[in-house]
Every structure is written in structure tokens, then in C-alpha cells.
Amino acid sequence: ALLCGSAAATVLLKWLGQRQIQQKMEEARRMRDLALERMEKAACRFKKENPGVQTEHILSLPMVELVEKLKEGSLSLESVLYSYMGKVKALEVTQEVNCVTDFIHGCEDQLRKVKQQKEKGLLYGIPVSIKDHINCKGHVSSGGMVKFLGQVKEEDSVIVQVLKSQGAIPFVKTNNSQTMINYDCSNLIFGQTLNPLNHKKSPGGSSGGEGALIAGGGSILGIGSDVAGSIRLPSSFCGLCGLKPTGERIRYTPSSVCCFTHLTAMLGPMARDVDSLALCMKALLCKEMFRLDPTVPPIPFDDEVYSSSKPLRIGYYEGDGYFMPSPSMRRAVQQTRKLLQEAGHTLVPFAPPKIDYMVDELFTRGLFSDGAAHLVDCFKGDIVDPNLKSQFNTYRLPVLVKKILAVILKPIVILCCYSPNIYLFCHHSRSAKNLWNQHGAVAVYRTEFIAKWRKLGLDVILCPMLGPAFNHGYAGKLFAATSYTNLYNVINFPAGVVPVSTVTRADEEELKHYRGYYGDPWDKRLKEAVEGAVGLPVAVQCVALPWQEELCLRFMKEVETLT
């Protein structure tokens, strides 16, 4: 009777806990819907009072041109903000693809403050969307986690404060994957975000809400974050330009949602074109940024480097030797390389050193250096999103079980090291000594990478970008495919993404014969993940040395112009 009573009590407590979580999620969705309703009413009111506003024209303008028109007064700040707020785009987009999590109701007050600023900032009147986990005063930064839903932030994050000082108007927050450890864009609070270019496809993640909203025309500039490709992957999947800066150039304020040790997380811009990224970086790297965050080196944006036309010496590779690129990925690099050569640049073959070692020892072991204990703790009092379950079920196994499995699975890892889940079994360690060794190993690898770069006399690197957009449900099963992006998080180099082509029928036909390097289940999954993508964008990745964001952007601009 005692055992039965205890079991019944346990089941009841679990049910009550689950019910409480469901109620919190329902309340968050209700608050989101009310906020969007409020945004729609404000936009409709403005449209009714100003029937002559050319909304479609405003929404079609590139950001640099839009800023000029706002500064000269040929467009009003209200017409731009309410055009982006209006049902025509922002609401219509989120109803289609579920990308907005909140309306930043203070945007109308910010508009009035911008009009009163003595000096017009570089982003004067530009509406900006903000990734959900970045703090905005008076709003929740949930990161897709129920446990953070009641925590309203008392002040803006530094990046939001700087954007406002430059005249920008943050107006919505956008969806991200639960804990941001997955490069899909889904959580149980706000649901799955879809790719506006093809609803059967993922927008990428974790900054997928930004990717979907900008690609759908509902925002002109967004701020995402990147710890393994979370700016670059949605940019690639949605046909946008995105920049992951050097980690300390725009500092990422650590949050309780997801915190990493040796991997450098960073914030960065996403937009429709490279000039928009450059203008955003120029606006952010200002005196106000250096005043608010004295840990950011006071290095202003170098216009001279960005506007240079000097021929470049470009290293390139079509595959990293770890995960075979899809046919369209390889073709994108080949075609871009040819165009760059014809434009007078020098192209030099380059191969990243010890890529297996980098992914398995430096990235995967570093990401889970505590055996994923912090990540598992984050889920206490929460429900795991289905897209994360396969990963999470591995992370939460007891230490003893992981050690036993390590002995059994180590031969599999030696033969094929594609699965970070298996790798976690075989290299699980919470030792402080091992963590120190990890930091040292990353520094040594970075030095080796730079030495190879210098020996070839390179300015920048051209390399593949994972794509095209995945079918839903595959991102969580292909964590190892991020080798093309996570390399530049490990060594902390600036890296940007530029769309250069679209998937052709020939690419799709060639994909049928794709086997990968090993012909194993992970290679088969990539084939399944990217199939059915004819007409979707394909991007390349542009990389520079640390602190050379201007050169990275200049190279991206060259690629954009040529393609």
C-alpha cells in the first residue's frame, strides 16, 4: 500500500508539474498574441490616418537608401516604422511562418525620442528586429525555456542601447531554438518557425526567427547570435547576408539560457545585403559602445578598408574533409572562385589543418566539457522540444552509464567520428585539468591555423556554407554537419555568409548519387535533409583574420557584386 501510494503521489506530482508548465506556455502564447494584436491596431490606425503612404515602396528600399531618405526628410520615421509593423509584412509574415515572439511596445516612445535627438545617428529611423534571448527592457528573454518566462528584464542589453543611441528602433523579438543548442528554430513555447521561401524547410537556427522575418520582408535589419553558426546558418537557409564578428568586437553578454566556456559566442547583424551589415557594424563600433562596455576594444569601423578595391589573395577550399558538401555547396564555391579569378584576384588552394581533431577534440569536447551538465540543469522544470530529444536523451545519461558506453562505442568513433552524441560518451570528462588542457589545445590549433594562413600570404578565405535549407527535423540529427561553421567559432575568426546561387535541377540530380566520405547513416541523412530544394538559395562563407571585420565585409561585398 505504501509503495502504491508513493507511486501514485509521484505520478500526481509529475502531472501537476507538467500541467503548470503547460499553463505557463499557454500564458506566454496568449501574451504574444495580445502584443501582436496591439501592433496590428497601431499599424492600422496609422494607415487609416495616412492613406497615401506608399508601403510597398518603403518595404522595397535597401537599408542604406532608406536611411538617406529618412535623414533628408523625404520619408517620415512613422511611415517606415508602421510599414514594417503593419499587417502587410510583419504580421503577415509571422502568421505564415511563426517567427515573432513579442512586440516591443516601447518602439513608439523610441520613435519620439529619435525625432528629438540633436544628431541623427547612422541608423536613424531604421526598424530593427532582435533575437528573443537578447535583453530588451520590459520584456522576457526566454530562449525558448519555460523557466525564464516570468523574468521581465529591467534594462536593455548593451547592443540594444547602442542601436537606440544610433537612432534605430527595435520593434519585435524573434523566435529561436530551445536553449539555442540546435540549428533548427523550434521550442514548445512558441512552436516551429518555417522557412518563408519553402514552408517544408527549416529557416535554420538558432537565429531562425530573424532569418524568416527578414527573408519574408518583415524586417530590414536583425540582430542574432552565433556560437556554432547560428547567424550564418539561417542566413544561408533563407538567402540573406549575415556576419559573425570576432567574439570580443561586439561582446555577447552571457545569459543563464546557455553558457559556454572556451567557445566564443558573439552577436552580429543579419540583413538583405552586405552594405546593410557594414552600416550596422559602423554604427555599433562607436563611442557609446566603448563607454557602455569597456571590455570591448575601442576600435572604430575602418571605412577605408571596406571601400578598398585592392586585389585580394584568397585561399579557398571546396570541402573540409570532414563532412562532404552537397552538390550545390561545392558548385557555389567553384563558380564564385572562377568569378573572383576573372575579376583579377589571386586564388590559392587551402585546406584547414586537422579538421577531424578540431571538430571532435576542440569543438565537441569543448562544447560539452562539463558532460552537458549545465545544459541538463537548464531543462529542470521544463519539457524538451522534440527536435532536441535525440541529443538531450544522450546528455542526461548518468556518468557511469556514459563511461560504460564509452568503452563499447570507442571503436565506432575511431571508424567514424560523425556523431557528437557518441563522441560525448567516449570523451566525457568534468576534470578542471582537462578543461585547462582544452583551452591550451585551442590556442595551439589557432596558432597553427594562422601560421598556415601566413605561409600562403592570404588576405581572406572562401569556403562552403552548409545548405541548402534542411527539411524539418534533420538539424538535430546532423550536428556534425556544422563543421563548416563551428571551425571559425573555435578559432574566433570573423566569418560572413553571402547567397550566390540557387539549387538547380542538375544539383538535385547529382544529389541522388551523393555518398559522402564514409557512406554511413550521417551521410545518408544529409542527402535526405537537403533534397527537394530546387530554386532555394545557396551561399558561400567568407573569412578573415581576427579583428578584420572590415576586410571580411569588403570580401563579402566583392562576392555579392560579382555573383
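The values are calculated or read from the model by the stated rules, or taken from the named source; none is laboratory data. Because the structure is a prediction, the values reported are computed rather than measured. No Cβ is skipped: glycine too gets one built from the backbone with ideal geometry, and neighbour counts run over all protein chains shown. Ligands, DNA and RNA are excluded from the accessible area calculation, which covers all protein heavy atoms including side chains. Shrake-Rupley method; radii C 1.70, N 1.55, O 1.52, S 1.80 Å.
Hey, what do the phi angles of the range 350-355 turn into as Karplus ³J(HN,Hα) couplings, whole Hz, using 6.51/-1.76/1.60 and θ = phi - 60°, x for Gly and Pro?
Coupling constants for the range 350-355: 9, 10, x, x, 6, 5 Hz.
What is the antiparallel percent of DSSP beta bridges lying wholly in the range 16-301, to the nearest 5?
Restricted to the range 16-301, the bridges split so that about 70 percent are antiparallel.
Using DSSP to define loop residues, name the GluC sites (Glu not before Pro) in the range 39-147 whose beta-carbon has at most 11 other beta-carbon atoms within 10 Å.
Glu119
Determine the calculated [θ] at 222 nm for the chain from helices alone, applying -39500 (n - 2.57) to every DSSP H run no shorter than 4 residues and normalising by the residue count; nearest 500 deg cm²/dmol.
After summing the helix terms and dividing by residue count, I get -13500 deg cm²/dmol.
For the range 16-301, report the accessible area per residue in Å² (1.4 Å probe, heavy atoms, rounded to an integer). If you can, show how the numbers build up before the last one.
Details: 10220 Å² over 286 residues.
Value returned for the range 16-301: 36 Å² of accessible area per residue.
Taking H placed 1.01 Å from N in the peptide plane, check which residues at least 5 places from Ile181 or on another chain put their amide H under 5 Å from its amide H.
Distant-sequence amide H within range of Ile181: zero hits.
Would you mind giving the three semi-axes, in whole Å and largest first, of the ellipsoid equivalent to the range 16-301 according to its Cα gyration tensor?
Each semi-axis is the square root of five times an eigenvalue, giving 26, 23, 18 Å.
Rounded to the nearest 5, what % of DSSP beta bridges with both residues in the chain are antiparallel?
Percent antiparallel among DSSP bridges in the chain is about 70.
What does the charge count near Leu458 come to, summing +1 for each Lys or Arg and -1 for each Asp or Glu among other residues with Cβ under 11 Å from its Cβ?
+3
Karplus couplings for the range 269-279 from phi (6.51 cos²θ - 1.76 cosθ + 1.60, θ = phi - 60°), rounded to Hz, Gly and Pro as x?
These are the phi-based 3J(HN,Hα) values: x, 10, 7, 7, 8, 5, 4, 5, 4, 5, 5 Hz.
Anything over 30 Å Cα to Cα? Flag those among Lys153/Lys557; Lys200/Lys512; Lys137/Lys433; Lys115/Lys147; Lys153/Lys244; Lys310/Lys527, in the order listed.
Result: Lys153/Lys557; Lys137/Lys433; Lys115/Lys147; Lys310/Lys527 exceed 30 Å.
Between Lys131 and residues 5 or more places away or on another chain, which pairs have amide H atoms under 5 Å apart, with H built 1.01 Å from N, and which residues are they?
Answer set, sorted by chain and number: Thr174, Ile223.
Mind checking the dipole of the range 16-301: about its Cα centre, +1 per Lys or Arg Cβ, -1 per Asp or Glu Cβ, Debye to the nearest 20?
Working: 35 positive and 29 negative charges, 52 e Å.
Value, rounded to 20: 240 debye.
Using a probe of 1.4 angstrom, how much of the accessible area of the range 16-301 is carbon and sulfur, in percent?
It is 50 percent, rounded to a whole number.
Take each of the peptides 14-21, 518-525, average the number of other beta-carbon atoms within 10 Å over its residues, and list them starting from the highest.
518-525, 14-21
Using 0.36 nm times the number of residues separating Glu27 and His57, minus their current alpha carbon distance, what extension gain do you get?
Values: separation 30, 0.36 × 30 = 10.80 nm, distance 3.72 nm.
Value of the extension gain: 7.1 nm.
Using +1 at the C-beta of Lys and Arg and -1 at the C-beta of Asp and Glu, which of Pro494, Ala373, Phe148 has the Cα lying farthest in the positive direction of the dipole of the chain?
The residue sitting farthest along the positive end of the dipole is Ala373.
What do you get for Rg/Rh of the range 88-132 when both radii come from the Cα atoms and Rh is the Kirkwood radius?
Rounded to two decimals, Rg over Rh is 1.06.
Compute, for the chain, the length of the dipole vector about the Cα centre, with Cβ point charges of +1 (Lys, Arg) and -1 (Asp, Glu) only. Units Debye, rounded to 20.
Its charge dipole is roughly 960 debye.
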